[in-house]
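The values are calculated or read from the model by the stated rules, or taken from the named source; none is laboratory data. Since this is a predicted model, take the numbers as computed values, not measurements. Cβ coordinates were reconstructed from backbone atoms using ideal geometry, including for glycine residues, and neighbour counts include every protein chain displayed.
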């Protein structure tokens, strides 16, 4: 169980650092327009060293973005990006129109991020998401994706993860009668398109790193740990070359 605890913390830290480096590298390569999909409480717009002139668009539901921006403002936090634009729209709606209406320029290269998002979309919704991103992307755009595939949606694997989390909560002394939501109940457990293959077929040059390799790179994985406790995810960095 200790391996599972280490894996949770190590994975979260590694994922955060990977996306941080993704945006920093995009800026270093001349991209000055970024979009974070389902941004949630992401604070990269306030803490990363963005290139001067960069515009960051964050898409999420209105109440989420309102809560975040108001909370940060109450603590006198100022965006580190030259221009921050909240785009309050549900991804199930016509978010490309909302993004354009907010000032997004589809003729300029963009750095896109889809972090922790895909399981919450049905397979068809995932396909539509990437179709829309592709339509909005100029040559030279980059995309960072936390891809859930390679057995992630295997029912036996997910059942094992659920049991591990139940035992962790039990050992932490959580009230067994507490109505704590299980994120897996919000996921769409179904076959879906392989993201790396889809991007490659649409002229994105893709590099990939599996979660264990990423955690090892960042010193967040100890040799000998049980691979079964690591999420079956792959981090994709795509570059539109057409």
Practice task
Assess whether residue 140 counts as being in a loop (DSSP other than H, G, I, E, B), buried (at least 16 other Cβ atoms within 10 Å of the Cβ) and at positive phi.
Solution key: yes
Completion exercise
Scanning segment 93-124 residue by residue, those out of contact with any helix residue (DSSP H, G or I) (no Cβ under 7 Å at 6 or more places or on another chain), loosely packed, with under 15 Cβ neighbours inside 10 Å and under 24 Å from residue 185 (Cβ atoms) turn out to be 93, 122, 123, 124
Problem - Given (1) closer than 16 Å to residue 186 by Cβ; (2) modelled with pLDDT under 80, number of the condition residue 157 does not satisfy - result: (1)
Problem - Index of the failed condition, residue 147 passing every other in (1) assigned to a helix (DSSP H, G or I); (2) modelled with pLDDT of 80 or more; (3) under 25 Å from residue 13 (Cβ atoms) - result: (1)
Completion exercise
Pairing a residue in segment 127-151 that is more than 17 Å from residue 187 (Cα to Cα) with any residue that is at pLDDT below 95, where Cβ atoms lie under 6 Å and the two sit 6 or more apart in sequence or on different chains, gives 139/242
Handout entry: Filter result for residue 199 (touching a strand residue (DSSP E or B) at 6+ places or on another chain (Cβ under 8 Å), more than 20 Å from residue 241 (Cβ to Cβ) and either at pLDDT 75 or above or in a loop (DSSP other than H, G, I, E, B) (or both))
Key = no
Problem - Scope segment 92-108; condition part of a loop (DSSP other than H, G, I, E, B) and touching a strand residue (DSSP E or B) at 6+ places or on another chain (Cβ under 7 Å); matching residues - result: 102, 103, 104, 105, 108
Practice task
Evaluate segment 98-115: report whether one residue or more is at pLDDT 95 or above, farther than 16 Å from residue 136 by Cβ and under 20 Å from the mean Cα position of the chain (by Cα).
Solution key: yes
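Here's the yes/no breakdown for (1) in contact with a helix residue (DSSP H, G or I) (Cβ under 8 Å, 6 or more places away or on another chain); (2) surrounded by 14 or more Cβ atoms within 10 Å (Cβ to Cβ); (3) not in a helix (DSSP H, G or I):
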| residue | (1), (2), (3) |
| --- | --- |
| 13 | no, yes, no |
| 20 | yes, yes, no |
| 23 | yes, yes, no |
| 31 | no, yes, yes |
| 36 | yes, yes, yes |
| 52 | no, no, yes |
| 58 | yes, yes, yes |
| 68 | no, yes, no |
| 78 | yes, no, yes |
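Each row is one residue, and each column tells you yes or no for (1) touching a residue at least 24 places away in the same chain (Cβ under 8 Å); (2) assigned to a loop (DSSP other than H, G, I, E, B); (3) within 20 Å of residue 130 (Cα to Cα).
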position: 185; (1), (2), (3): no, no, no
position: 189; (1), (2), (3): yes, yes, yes
position: 193; (1), (2), (3): yes, yes, yes
position: 205; (1), (2), (3): yes, no, yes
position: 208; (1), (2), (3): yes, no, yes
position: 212; (1), (2), (3): no, no, no
position: 220; (1), (2), (3): yes, yes, no
Handout entry: Failed item, numbered, when residue 193 is tested on (1) under 13 Å from residue 18 (Cα atoms); (2) touching a helix residue (DSSP H, G or I) at 6+ places or on another chain (Cβ under 7 Å)
Key = (1)
